[in-house]
Each structure stands twice: as structure tokens, then as C-alpha cells.
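Below is one structure, written out as C-alpha cells, with a few remarks after it.
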Amino acid sequence: MTIDRALELQARAWTLQAEGNLDDAFAACHEALLLTEQCEGSDSADVANLLNDLAEIECDRQKFQAALTYSERALAIEKAHLNRFTGEMAARIRLKTLALLGALRRLQGDYVRAENDLQEAARHRKSPRKHSTISPFFTSIADASMKGSGSTRRPCE
């Protein structure tokens, strides 16, 4: 198995998730994660990205603690390798991670940490070093946190 197979599985997971077939989406994404870890090691940007995908699937399955665990692991990878974790895709992954963490922590009532994550996401989004093509969904969450609004749609609904 190669990284190409992992990419195919990730794309399949996205399709299955969009169709509401969450158990199969999780299985495909988890297999993609295992293959990516075999090919690139357990601390690559691709692994962090797949961990975020798994977190989103777990949110959809209402498994919030599992989702939080995946997002926290993604953030740990990102923080451990800041010097390697650069560029537009890294900025997108980092913003996604922080937005997920903020939303999940808000759901669990951990409002202080949720606000910190969402404010950091907003800072990353507004940083001139980052590109402006980051998902509007995640930027709206981060912006709402900076404004103190609680009216944005949570990714885990």
C-alpha cells in the first residue's frame, strides 16, 4: 500500500461522510491514517490532516470525546514541528484543528479553552504570513469568537 492508496481512501471517506455513511467513512479514513503513518511516520502534516478528518467524522457520529482526542493529537503534531509545518496547506490544517478544538471544547462546556483555541484560530487567519484562501466556515467560527458571538454553526452538529 502506498500514499496514493491513502489519498484514495481519504477521498472516499469524504464522499461517504457527505452521504451520511459515517461508519464506513470512519473506516476508510482510519485506514488512510494507518497507511499514511506507515509511509510518512506518525507526525507528518498529512497525519494531522487525517486526524482532523477523523475528528469531524466523530463529531458527526456524536462521539465528541473521540473527536477531541483526534484534534488534540493533530495539534500536538503541529506544535512539535512548527519549523516543518509551513505554507498554505499547513495554515489550513492548523486553522481547522483550532476551530475543531474550540467547537468541541465549547460543546463540552470548557469555555475558557474553547475561546483560547478560537481566538488563536482567528489570529492565524488574520496573520499576513498566511494565505486568505482558508475555508470560510472555519474563519467564520474564529471571527465569531473574536467578536464574542455564539451564533455560528458548530462543526459538530
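Are there any pairs, at least 6 apart or on different chains, whose C-beta atoms fall under 8 Å, with the first in segment 94-110 and in contact (Cβ under 8 Å) with a residue 24 or more places away in the chain and within 16 Å of LEU51 (Cβ to Cβ) and the second basic (Lys, Arg) and surrounded by 20 or more Cβ atoms within 10 Å (Cβ to Cβ), and if so, which? Taking only residues 6 or more apart or on different chains, the pairs are LEU95/ARG125. For segment 73-89, name all the residues that are surrounded by fewer than 19 Cβ atoms within 10 Å (Cβ to Cβ) and among the small types (Gly, Ala, Ser). If the condition is that a residue be surrounded by fewer than 19 Cβ atoms within 10 Å (Cβ to Cβ) and among the small types (Gly, Ala, Ser), then ALA76, ALA80, GLY87 are the ones that fit. Take residues that are under 22 Å from GLN17 (Cβ atoms) and at pLDDT below 60 and tell me which of the helices (runs of 4 or more DSSP H) falling wholly in segment 52-157 contain 2 or more. The helices (runs of 4 or more DSSP H) meeting that bar are 136-147.
The values are calculated or read from the model by the stated rules, or taken from the named source; none is laboratory data. Source: prediction; values computed, not measured. Quick reminder, even Gly has a Cβ in these numbers, built from the backbone with ideal geometry, and neighbours come from all protein chains shown.
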